[in-house]
Amino acid sequence: MTPRRLLAATGFLAALALAGCTSAPDTAPSVAASATATDAPVAEAAPSATPTTEPITPTCDNIIPTSTVEDFKSLGWTSQEEPFRIGATALNEGIQCKWGDAKVASDRVQIFGWAPIDDATAQQAEKDLVASGWKLERDADGAYVTENPDWLGGRGVDGYGLTYLFGDGWVKFADTRQSLLLVETPH
């Protein structure tokens, strides 16, 4: 197994393991067993002001799981930040990251990207990519736009190479469709 596929498989398995560790929150109210009719009613807390959270700036370390970043670094890999682009369109609030061993000239890298995007820009980007030969597929996750399988030359799982996933207000990018599972909203 090549190092790239091993890393993709490791990241995929880590993502699946993390997904399996979540549980539904307990939404049932807690009731004390010794409550009686003489207990005083509990006053509800006054509503607090909704805290305003600033959007987190995407970085190469926060758009993929921390465990994947640590795995890459343990291999001596570093990240190279680039602007997030869809064809000629730059999404200035996004980031594209190329992870690999900078000391060795190699095509053995992994690429991940994330950016916020509005609906009009997303629709135009999808249209432009499809017009230049990319393939569009829609499902419950969003719109996948992947490079033409004829261009892959044996790369990519199930015939998917470079792939964008357009969701509600964001776009993800990875060097394979399977690797999109690792791309997260910045945390």
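The values are calculated or read from the model by the stated rules, or taken from the named source; none is laboratory data. Not measured: the values here are computed from a predicted model. Cβ sites come from the backbone with ideal geometry, for glycine too, and all protein chains shown count toward neighbours.
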key: Selection within region 113-129 - of a type in the set (Asp, Glu) and either in a helix (DSSP H, G or I) or surrounded by 20 or more Cβ atoms within 10 Å (Cβ to Cβ) (or both)   = Asp119, Glu126, Asp128
key: Matching residues in region 131-187 - criterion: being charged (D, E, K, R) and in contact with a Phe, Trp or Tyr (Cβ under 9 Å, 6 or more places away or on another chain)   = Lys135, Glu137, Arg138, Glu147, Lys172, Asp175, Arg177, Glu184
request  = Kindly indicate whether Val183 is modelled with pLDDT of 95 or more, under 20 Å from Pro65 (Cβ atoms) and touching a helix residue (DSSP H, G or I) at 6+ places or on another chain (Cβ under 7 Å).
outcome  = no
task = Determine if region 131-149 includes at least one residue that is part of a loop (DSSP other than H, G, I, E, B) and of a type in the set (Val, Ile, Thr).
result = no
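For every residue, the table says whether it meets (1) modelled with pLDDT under 95; (2) of a type outside the set (A, V, I, L, M); (3) under 10 Å from the mean Cα position of the chain (by Cα).
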| site | (1), (2), (3) |
| --- | --- |
| Pro149 | yes, yes, no |
| Val157 | yes, no, no |
| Phe166 | no, yes, no |
| Gln178 | yes, yes, no |
task = Report yes if Leu136 is hydrophobic (A, V, I, L, M, F, W, C), more than 21 Å from the chain's Cα centre (by Cα) and either modelled with pLDDT under 95 or surrounded by 14 or more Cβ atoms within 10 Å (Cβ to Cβ) (or both), otherwise no.
result = no
task = Can you confirm whether region 77-90 contains a residue that is β-branched (Val, Ile, Thr), part of a strand (DSSP E or B), out of contact with any strand residue (DSSP E or B) (no Cβ under 6 Å at 6 or more places or on another chain) and more than 14 Å from Phe173 (Cβ to Cβ)?
result = yes
remark   = Checked region 55-93 for anything among the basic types (Lys, Arg) and within 12 Å of Gly113 (Cα to Cα); matches are Arg85
ask   = Counting just the residues of region 103-112 that are β-branched (Val, Ile, Thr) and either outside any loop (DSSP other than H, G, I, E, B) or free of Cβ contacts under 8 Å to residues at least 60 places away in the same chain (or both), which one comes out nearest to Gly169 (Cα to Cα)?
value = Ile111
